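S.K.: Okay, here's the structure, questions in a sec.
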Amino acid sequence: MGYLHEGHAALIRRARQSSDRVVVSVFVNPMQFGRNEDLGRYPRDLERDLRVAGEAGADVIFHPEPGTMYPPGFASAVQVSGVSEPLDGAARPGHFAGVATVVLKLLNLAQPAQAFFGEKDWQQLAVVRRMVTDLNVPTEIVGVPTVRADSGLALSSRNSYLSAEQQAQAVALSAALRAVQRVYAAGERDVAALKRAGLDTLTRDPAVQPEYLSVVGPDLRETATLTPDPLNRVLVAARVGGVRLIDNMPLLPGSASGLGRADAPL
């Protein structure tokens, strides 16, 4: 959605490695914002986006106006059941219908061989993969590991809303995820125990207001006990200074993933 940063640059560089031509869409999609969300204040800087995308290796930026994507009379939406329903699907009704609709439109317009999405929004990636599979879209969806600041904070355009003090407080999200990783790597599979490890870390600072911390398998649903699977994940959403942030990390036996500037790829 624009206001590109190093996380987006990593997507572009990854695309450049396997593609003859790289197209970057920059579009603040009104269809995926709910009432009282930050559509009006979402950061926008096309000049910056052109610079970041060009330096990373993009050939083209597609920057449509909302009226071009959703002309008068537009009346369609894509609903992906299952993986879209828990977590952010429950917290933000209609959000993933907006995501799926705009992504399908973009894929139809560009008809790419591959499309690259950051793993930072793990649920969004799952929704897009499900949609592409179900609707026979001839595009390979490639997930790219989350890029992090040295502090561990996942890079996000919404980090621009945070003061330096709030960014330091927001590190609690990645610290909580790593706490769950450590307990999981040590052999714990009881979901309640794994969540306690994360919440004990997340709730230490009263400036951080948790929304959810969830330990899930490939279907993004919680069960009492996790069965080992490379798609097991811990996801978190919390507010810092009124800004809603999300993050996630993989759960792998004996894994030290998530400890560097980018999460380990699956």
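S.K.: Give me the residue from segment 31-57 that is over 19 Å from the mean Cα position of the chain (by Cα), of a type in the set (D, E, K, R) and assigned to a loop (DSSP other than H, G, I, E, B) and, out of that set, nearest to residue 11 (Cα to Cα).
M.R.: Result: 45.
S.K.: Let me ask something else. Quick check on this structure: which one of 153, 135 is more than 23 Å from residue 22 (Cα to Cα), modelled with pLDDT of 95 or more and open to solvent by 30 Å² or more (accessible area, probe 1.4 Å)?
M.R.: 135
S.K.: So, one more: Answer with yes or no whether residue 9 is surrounded by fewer than 20 Cβ atoms within 10 Å (Cβ to Cβ), modelled with pLDDT of 95 or more and in contact with a Ser or Thr (Cβ under 7 Å, 6 or more places away or on another chain).
M.R.: Values: surrounded by fewer than 20 Cβ atoms within 10 Å (Cβ to Cβ): yes; modelled with pLDDT of 95 or more: yes; in contact with a Ser or Thr (Cβ under 7 Å, 6 or more places away or on another chain): no.
For residue 9, the condition - surrounded by fewer than 20 Cβ atoms within 10 Å (Cβ to Cβ), modelled with pLDDT of 95 or more and in contact with a Ser or Thr (Cβ under 7 Å, 6 or more places away or on another chain) - is not met.
S.K.: Taking residue 194 as the residue in question, decide whether it is over 20 Å from the mean Cα position of the chain (by Cα) and open to solvent by less than 10 Å² (accessible area, probe 1.4 Å). Before the answer, list the steps.
M.R.: Values: over 20 Å from the mean Cα position of the chain (by Cα): yes; open to solvent by less than 10 Å² (accessible area, probe 1.4 Å): yes.
When the stated conditions are applied, residue 194 passes them.
S.K.: Taking segment 26-57 as the search range and keeping residues that are farther than 19 Å from residue 242 by Cα and of a type in the set (A, V, I, L, M), which one is surrounded by the most Cβ atoms within 10 Å (Cβ to Cβ)?
M.R.: Among them, the one singled out is 53.
S.K.: So which residues in segment 58-93 are part of a loop (DSSP other than H, G, I, E, B), small (Gly, Ala, Ser) and open to solvent by 50 Å² or more (accessible area, probe 1.4 Å)?
M.R.: Once the filter is applied, which keeps residues that are part of a loop (DSSP other than H, G, I, E, B), small (Gly, Ala, Ser) and open to solvent by 50 Å² or more (accessible area, probe 1.4 Å), segment 58-93 yields 73, 75, 76, 77, 81.
S.K.: Now for a separate question. So residue 152 ticks every box in (1) assigned to a strand (DSSP E or B); (2) touching a Ser or Thr at 6+ places or on another chain (Cβ under 7 Å) but one. Which box is left unticked?
M.R.: Tallying (1) assigned to a strand (DSSP E or B); (2) touching a Ser or Thr at 6+ places or on another chain (Cβ under 7 Å), residue 152 fails exactly one: (1).
S.K.: Say whether the condition of being under 16 Å from residue 235 (Cβ atoms), touching a residue at least 12 places away in the same chain (Cβ under 8 Å) and not aliphatic (A, V, I, L, M) is met by at least one residue in segment 155-170.
M.R.: There is at least one residue in segment 155-170 that is under 16 Å from residue 235 (Cβ atoms), touching a residue at least 12 places away in the same chain (Cβ under 8 Å) and not aliphatic (A, V, I, L, M).
The values are calculated or read from the model by the stated rules, or taken from the named source; none is laboratory data. For clarity, every value in this text was computed on a predicted model and none was experimentally measured. Every residue, glycine as well, gets a Cβ built from its backbone with ideal geometry; the counts of neighbours run over all protein chains shown. We work out accessible area using only protein heavy atoms, side chains counted, and drop any ligands, DNA or RNA first. Shrake-Rupley method; radii C 1.70, N 1.55, O 1.52, S 1.80 Å.
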